[in-house]
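The values are calculated or read from the model by the stated rules, or taken from the named source; none is laboratory data. Since the model is a prediction, treat every value here as computed from it, not as a measurement. Cβ: placed from backbone, ideal geometry, glycine included. Neighbour counts: every protein chain shown. When the accessible area is computed, the model is the full protein with side chains, heavy atoms only, and any ligands, DNA or RNA have been set aside. Shrake-Rupley method; radii C 1.70, N 1.55, O 1.52, S 1.80 Å.
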Amino acid sequence: MDEYIENLRIARSIPGFSIAVVKNGIPLLVKGYGLANVELSVPATENSVYELASVGKTFTATATMMLAEQNNISLNDSITDYLDNPPAAWQPVTLKHILCHQSGIPSYTSVAEYWQKTRLDISRQEIIALVSELPLMFSPGEYWSYDNTGYYLLGFMLEKVSGKPYEVLLKELIFNPLEMNATVINDPAKIIKNRVAGYRLEKNTLQNKEYYSPIRFI
């Protein structure tokens, strides 16, 4: 397994990553491969901290389901019940539609203007304004289409229902009980121990990944 993983990393030009293989609660392999920082030649380890990006949707969905199990919300609630001045077109969109990527709400990352602002710390309202006047792409529940906007809206819902900031709620519901002590909301200004640098391949050449502001992300 160790040899296979390292060969895969090299074949796909991946600078580095960490892996944990667990069977029946017993760790079989917990190890870092390659580099956490190429420029400083820092090796990746089992303690390396990576940017999760949209993997964070898993936590948003889990927190939503936990509130539903506690009868604080219903998955059949309209997302507009938890928003200030929402578009009328969003009224038929339920929390369940959003969880399943079936809301029909356009993803703000599909709007060209978004990519002109991705480096800026723009407000939540500015993000929503990118799509609030656009029509739904389809009737809620009719099709599936991956959507960042919907999960962003679920974050608003979580804060409104709990009365707590998104980061605090996730710590209380998920991170602290599971002892996920290295998992935090991404903040470029904070000193995060073992944070890994991000990279991308551009014409088969490794480069530092482009900066985007994660302050508004959920």
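Please indicate, with yes or no, whether at least one residue in segment 54-67 is open to solvent by 20 Å² or more (accessible area, probe 1.4 Å) and in contact with an Asp or Glu (Cβ under 9 Å, 6 or more places away or on another chain).
No, segment 54-67 contains no residue that is open to solvent by 20 Å² or more (accessible area, probe 1.4 Å) and in contact with an Asp or Glu (Cβ under 9 Å, 6 or more places away or on another chain).
Would you mind telling me which numbered condition in (1) modelled with pLDDT of 95 or more; (2) more than 27 Å from K209 (Cα to Cα); (3) open to solvent by 30 Å² or more (accessible area, probe 1.4 Å) E3 fails?
Going through (1) modelled with pLDDT of 95 or more; (2) more than 27 Å from K209 (Cα to Cα); (3) open to solvent by 30 Å² or more (accessible area, probe 1.4 Å) one by one, E3 breaks only (1).
Of the residues in segment 88-103, how many are part of a loop (DSSP other than H, G, I, E, B), closer than 18 Å to N148 by Cβ and open to solvent by 40 Å² or more (accessible area, probe 1.4 Å)?
Qualifying residue count for the region: 2.
Would you confirm, using the coordinates I've provided, whether I10 is assigned to a helix (DSSP H, G or I), hydrophobic (A, V, I, L, M, F, W, C), open to solvent by 80 Å² or more (accessible area, probe 1.4 Å) and within 30 Å of T205 (Cβ to Cβ)? Don't jump to the end; show me each part of the working.
Details: assigned to a helix (DSSP H, G or I): yes; hydrophobic (A, V, I, L, M, F, W, C): yes; open to solvent by 80 Å² or more (accessible area, probe 1.4 Å): yes; within 30 Å of T205 (Cβ to Cβ): yes.
Yes, satisfied.
One line per residue, one yes/no per condition, for (1) touching a residue at least 12 places away in the same chain (Cβ under 8 Å); (2) part of a helix (DSSP H, G or I):
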{"position": "E46", "(1), (2)": "yes, no"}
{"position": "E51", "(1), (2)": "yes, no"}
{"position": "K57", "(1), (2)": "yes, yes"}
{"position": "T60", "(1), (2)": "yes, yes"}
{"position": "T64", "(1), (2)": "yes, yes"}
{"position": "N71", "(1), (2)": "no, no"}
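How many residues, within segment 168-182, are under 14 Å from S48 (Cα atoms) and touching a residue at least 60 places away in the same chain (Cβ under 8 Å)?
Going through segment 168-182 one residue at a time, the tally reaches 1.
State whether one or more residues within segment 35-42 are in contact with a helix residue (DSSP H, G or I) (Cβ under 8 Å, 6 or more places away or on another chain) and under 19 Å from A182 (Cβ atoms).
No: zero hits.
Name every residue in segment 194-212 that is among the charged types (D, E, K, R) and either modelled with pLDDT of 95 or more or open to solvent by less than 60 Å² (accessible area, probe 1.4 Å) (or both), in order of residue number.
R195
I'm trying to understand the selection: among the residues of segment 161-172, which are part of a helix (DSSP H, G or I) and either polar (S, T, N, Q) or under 24 Å from D84 (Cβ atoms) (or both)? Quick ask: steps written out before the conclusion?
So the first thing to find is which residues in segment 161-172 are part of a helix (DSSP H, G or I), and the list is 161-162, 166-172.
The answer is V161, S162, Y166, E167, V168, L169, L170.
Given the conditions (1) on the phi < 0 side of the Ramachandran plot; (2) in a loop (DSSP other than H, G, I, E, B), which single one is not true for G141?
Among (1) on the phi < 0 side of the Ramachandran plot; (2) in a loop (DSSP other than H, G, I, E, B), the lone unmet condition for G141 is (1).
So G25 fits all but one of (1) surrounded by fewer than 16 Cβ atoms within 10 Å (Cβ to Cβ); (2) of a type outside the set (A, V, I, L, M, F, W, C); (3) at pLDDT 95 or above; what number is the exception?
Condition not satisfied by G25: (3).
What tally of residues in segment 104-138 results from selecting those that are assigned to a helix (DSSP H, G or I), touching a residue at least 12 places away in the same chain (Cβ under 8 Å) and under 19 Å from Y82 (Cβ atoms)?
The qualifying residues number 4.
Scan Y166, Y114, Y151, Y143 and give me the residue that is among the hydroxyl-bearing types (S, T, Y), within 18 Å of W90 (Cα to Cα) and crowded, with 17+ Cβ neighbours inside 10 Å.
Numbers: Y166 fails: within 18 Å of W90 (Cα to Cα); Y114 fails: within 18 Å of W90 (Cα to Cα); Y143 fails: crowded, with 17+ Cβ neighbours inside 10 Å.
After applying the criteria, what remains is Y151.
For E39, state whether it is open to solvent by 30 Å² or more (accessible area, probe 1.4 Å), charged (D, E, K, R) and in contact (Cβ under 8 Å) with a residue 60 or more places away in the chain.
Answer is yes for this residue.
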